[in-house]
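Chemist: The structure's right below; bear with me while I get my questions together.
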Amino acid sequence: MKTMKKIDAREMDCPQPVIETKNALQKNSDLTVLVDNQVAADNIAKLAKKLGCKVSRVEDGSDYKLILKKVLEENKEESTSEVEKVYFIKSDKLGTGSEELGEVLIKGFVNTLLEVEPLPAKIIFINSGVKLATLNYEIKRNLHKLEEEGVDILSCGTCLEYYELKDKLEVGRISNMYDIVDILNHADVVVV
Amino acid sequence: MSPGTLSQVLRQVNHISKDNNLLVGLDSPDDACVYQLDQDTAIIQSVDYFTPIVDDPYLFGQIAAANSLSDIYAMGGKPITAMNIVGFPSCLSEDILVEILQGGADKVAEAGATLAGGHTIQDEEPKYGLSVTGVVKPEDLITNSDAQVGDSLVLTKPLGMGIMSTAIKGGLAKGNLDNPAIKAMTILNNQAIGPMREIGVNACTDITGFGLLGHAWELAKESNVEITIFSEQIPIFDEILDYAEMGLIPKGAYSNRQYLKENVEFEDQINEALVDILFDPQTSGGLLISVAEDKVADLLIGLYGQGVEEATVIGKVSGNQSKIRVATKKGEINEERRI
């Protein structure tokens, strides 16, 4: 197996991490970049998006590791539709009707996501949906597994604050309305 | 320093001065402070300095001076004296400092002011700027606290200077006068003063480190008004949209965004790169002028006549609750308001 090219861009001044990444992507289709601040991580994610790369971001202590994968030209269309599948979960129950049934259904829904192909690119939890990512043990465990498979899991920060659950978030990352709207705007398939 | 950190620091400092002659001070954040000397005269004072954004020292001096002088113009004043503030490393040739100071001196002369002195310290990297004093008749003073509902908002220079500086640092753009953003940074904001006074405007501020939305927010807060920015009307330097998509976004844009997130509402789907541009910190940016709608055509004609060719209507004062809305088009807002 070929080892992935790595760039250690920690302690580099802005915009050097972006420039180094840009240059490296001309020769490599897979790349790992390590940076030590959020601005550099955000900027590299923007660059990657512009150059047609899939980005996974992992927070590593005070550092950020970004794994970039160039989506190949010939199967770009197919891959892009995979990449852009987003689940937008806006309640801790699925469907309207019996609340009890709704709770069972949502659990089944999230747990089944692991079994199907292709995996979604992102799952966004909003309003009472954030309770799933914080309170339900079984769902949390499965979300961890999805995250390990490269699914980006986002919870709405305002909602976490509202339900006073911010310190209980153990899986995925906190997001804001700008990012959520941006994701939905760029998504090909949005499942609500 | 980020606007959030700065206001946090300033809150902790006791300002005991309660001098009634201080017309604009720390209690009403504006571009400069204003102190009334007698019935006919107020002085305007401002200070600003920063690290080089281009390699050419003469050009850096010009940009730093144009930026420092701008605060006086934004208050409707005329600069009279200026003093240099310099940080300079001992390892660099003195010739470089000569060039920086010459750039500054030439801009001060162009502004019709006198360079009266300065102060220099040894520093790890070069820093340059000026402390400028200007004068204004109290009745001609233009603050950021008197924008009126219904006003049109005019911006006199395109946006993207911070992103361009980042691109220059990354070696992707030229740091000379062939670059329209660099050229614009060297241009004094004095050309706008004549038409502004002649036509009569309600409020003005200059766009610098807090970005368009940061300074627009100060105007909205101090005037107690809601401002709507039409994102598609915003003039932007060439290539900036491309650089923004590439992630050449300065740290200041992120801190401005973080600081303003509670006060800015994005109405429509707006291109993410454009959002970054609206928060991009500017160097020697343009003036944001709030003028009655029935006078805006005359103001634009006056500005074009003075060579301020990039002046554009970019928004309006749309309500009386401190807030900023960003919409894509003018039409959509009008329609929404009618409903």
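The values are calculated or read from the model by the stated rules, or taken from the named source; none is laboratory data. The model shown is predicted, which means the values in this text are computed figures rather than measured ones. Cβ placement follows ideal geometry from the backbone for every residue including glycine, while neighbour counts extend to all protein chains displayed.
Chemist: Taking the range A:150-179 as the search range and keeping residues that are of a type in the set (Val, Ile, Thr) and closer than 15 Å to A:ILE139 by Cα, which one is farthest from the chain's Cα centre (by Cα)?
Modeler: Restricting attention to the range A:150-179, the residues satisfying the condition of being of a type in the set (Val, Ile, Thr) are A:151, A:153, A:158, A:171, A:174.
Now drop any that are not closer than 15 Å to A:ILE139 by Cα, which leaves A:151, A:153, A:171.
Numbers: A:VAL151: 5, A:ILE153: 5, A:VAL171: 11 Å.
Within the range A:150-179, the match that is farthest from the chain's Cα centre (by Cα) is A:VAL171.
Chemist: Can you pull out the residues in the range A:32-52 that are in contact with a strand residue (DSSP E or B) (Cβ under 8 Å, 6 or more places away or on another chain), surrounded by fewer than 22 Cβ atoms within 10 Å (Cβ to Cβ) and hydrophobic (A, V, I, L, M, F, W, C)?
Modeler: Correct list: A:LEU34, A:ALA45, A:LEU51.
Chemist: Same structure again: Considering only residues that are more than 14 Å from chain B (Cβ to nearest Cβ), within 26 Å of B:ARG257 (Cβ to Cβ) and not acidic (Asp, Glu), which ones fall in the range A:136-165?
Modeler: Selection gives A:ILE153, A:LEU154, A:SER155, A:CYS159, A:LEU160, A:TYR162, A:TYR163, A:LEU165.
Chemist: Among the numbered conditions (1) within 14 Å of another protein chain (Cβ to nearest Cβ); (2) touching a Gly at 6+ places or on another chain (Cβ under 6 Å), tell me where A:ILE183 comes up short.
Modeler: (2)
Chemist: Out of the residues in the range A:124-167 that are of a type in the set (Val, Ile, Thr) and not in a loop (DSSP other than H, G, I, E, B), state the one that is nearest to A:PHE109 (Cα to Cα). Give the steps one after another, and end with the answer.
Modeler: Our first condition is that a residue be of a type in the set (Val, Ile, Thr); within the range A:124-167, this holds for A:124, A:126, A:130, A:134, A:139, A:151, A:153, A:158.
Then drop every residue that is not not in a loop (DSSP other than H, G, I, E, B), which leaves A:124, A:130, A:139, A:153, A:158.
On the way: A:ILE124: 14, A:VAL130: 15, A:ILE139: 10, A:ILE153: 15, A:THR158: 24 Å.
This residue is A:ILE139.
Chemist: What residue, among those in the range A:14-28 that are within 8 Å of chain B (Cβ to nearest Cβ) and hydrophobic (A, V, I, L, M, F, W, C), is nearest to the chain's Cα centre (by Cα)? Full working, then the answer.
Modeler: Taking the range A:14-28 first, the residues within 8 Å of chain B (Cβ to nearest Cβ) are A:14-16, A:18-19, A:22.
Okay, now just the ones that are also hydrophobic (A, V, I, L, M, F, W, C), so A:14, A:18-19.
Working: A:CYS14: 24, A:VAL18: 20, A:ILE19: 24 Å.
Result: A:VAL18.
Chemist: Does the range B:121-143 contain at least one residue that is of a type in the set (Lys, Arg) and either within 19 Å of B:GLU309 (Cα to Cα) or assigned to a helix (DSSP H, G or I) (or both)?
Modeler: Step one: filter the range B:121-143 for residues of a type in the set (Lys, Arg), giving B:127, B:137.
Cutting the leftovers down to either within 19 Å of B:GLU309 (Cα to Cα) or assigned to a helix (DSSP H, G or I) (or both) gives us none.
No, every residue in the range B:121-143 fails to be of a type in the set (Lys, Arg) and either within 19 Å of B:GLU309 (Cα to Cα) or assigned to a helix (DSSP H, G or I) (or both).
Chemist: Moving on to the next point. Filter the range B:191-224 down to the residues that are of a type in the set (Gly, Ala, Ser) and either in contact with a Cys (Cβ under 8 Å, 6 or more places away or on another chain) or in a loop (DSSP other than H, G, I, E, B) (or both), then identify the one that is surrounded by the fewest Cβ atoms within 10 Å (Cβ to Cβ).
Modeler: First, pick out the residues of the range B:191-224 that are of a type in the set (Gly, Ala, Ser): B:192, B:194, B:200, B:203, B:209, B:211, B:214, B:216, B:220, B:223.
Filter again for either in contact with a Cys (Cβ under 8 Å, 6 or more places away or on another chain) or in a loop (DSSP other than H, G, I, E, B) (or both), leaving B:200, B:209.
Values: B:GLY200: 13, B:GLY209: 21.
Only one residue tops the list, namely B:GLY200.
Chemist: Oh, and also: So which residues in the range A:168-192 are in a helix (DSSP H, G or I) and among the acidic types (Asp, Glu)? Full working, then the answer.
Modeler: Kept after step one, since they are in a helix (DSSP H, G or I), are these residues of the range A:168-192: A:168, A:177-186.
Once the filter is applied, which keeps residues that are in a helix (DSSP H, G or I) and among the acidic types (Asp, Glu), the range A:168-192 yields A:ASP179, A:ASP182.
Chemist: Just the residues that are at pLDDT 85 or above and either hydrophobic (A, V, I, L, M, F, W, C) or surrounded by fewer than 17 Cβ atoms within 10 Å (Cβ to Cβ) (or both), please, taken from the range A:62-94.
Modeler: Of all residues in the range A:62-94, those at pLDDT 85 or above come to A:62-70, A:86-94.
Passing the criteria: A:SER62, A:ASP63, A:LYS65, A:LEU66, A:ILE67, A:LEU68, A:LYS70, A:VAL86, A:PHE88, A:ILE89, A:LYS90, A:LEU94.
Chemist: Can you pull out the residues in the range B:242-299 that are part of a helix (DSSP H, G or I) and more than 14 Å from chain A (Cβ to nearest Cβ)? Break it down stepwise before answering.
Modeler: Keep residues of the range B:242-299 that are part of a helix (DSSP H, G or I), which gives B:242-245, B:251-260, B:272-279, B:293-299.
Within the range B:242-299, B:GLU293, B:ASP294, B:LYS295, B:VAL296, B:ALA297, B:ASP298, B:LEU299 meet the criteria.
Chemist: A further question follows. Could you please tell me which pairs satisfy a Cβ distance under 7 Å, a separation of 6+ or placement on different chains, a first residue in the range A:17-42 that is without any contact (Cβ under 8 Å) to a residue 40 or more places away in the chain and in the same structural domain as A:VAL58 (by TED's automatic domain parsing), and a second residue that is among the charged types (D, E, K, R) and assigned to a helix (DSSP H, G or I)?
Modeler: A:VAL39/B:LYS251
Chemist: I'd like the full set of residues that are closer than 17 Å to B:ASN189 by Cα and either assigned to a helix (DSSP H, G or I) or not acidic (Asp, Glu) (or both), limited to the range B:24-48. Steps first, answer last, please.
Modeler: So the first thing to find is which residues in the range B:24-48 are closer than 17 Å to B:ASN189 by Cα, and the list is B:30-32, B:44-48.
Of everything in the range B:24-48, those that are closer than 17 Å to B:ASN189 by Cα and either assigned to a helix (DSSP H, G or I) or not acidic (Asp, Glu) (or both) turn out to be B:ALA32, B:ILE44, B:GLN45, B:SER46, B:VAL47.
Chemist: Just to be sure before I move on: is A:LYS168 away from chain B (no Cβ under 14 Å), under 30 Å from B:LEU260 (Cβ atoms) and surrounded by fewer than 15 Cβ atoms within 10 Å (Cβ to Cβ) in the structure I sent?
Modeler: Numbers: away from chain B (no Cβ under 14 Å): yes; under 30 Å from B:LEU260 (Cβ atoms): yes; surrounded by fewer than 15 Cβ atoms within 10 Å (Cβ to Cβ): yes.
Considered against the rule, which asks whether it is away from chain B (no Cβ under 14 Å), under 30 Å from B:LEU260 (Cβ atoms) and surrounded by fewer than 15 Cβ atoms within 10 Å (Cβ to Cβ), A:LYS168 comes out as yes.
Chemist: Okay, moving on. Among the residues of the range A:29-49 satisfying the criterion of being in contact with a Lys or Arg (Cβ under 7 Å, 6 or more places away or on another chain) and closer than 16 Å to B:GLN258 by Cβ, which is nearest to the other protein chains (Cβ to nearest Cβ)? Working first, answer last.
Modeler: At the first step, the residues of the range A:29-49 found to be in contact with a Lys or Arg (Cβ under 7 Å, 6 or more places away or on another chain) are A:29-32, A:34-36, A:39, A:41, A:45, A:47.
Add one more test, that the residue is closer than 16 Å to B:GLN258 by Cβ, and what stays is A:39, A:41.
Working: A:VAL39: 5, A:ALA41: 10 Å.
Only one residue fits best here, namely A:VAL39.
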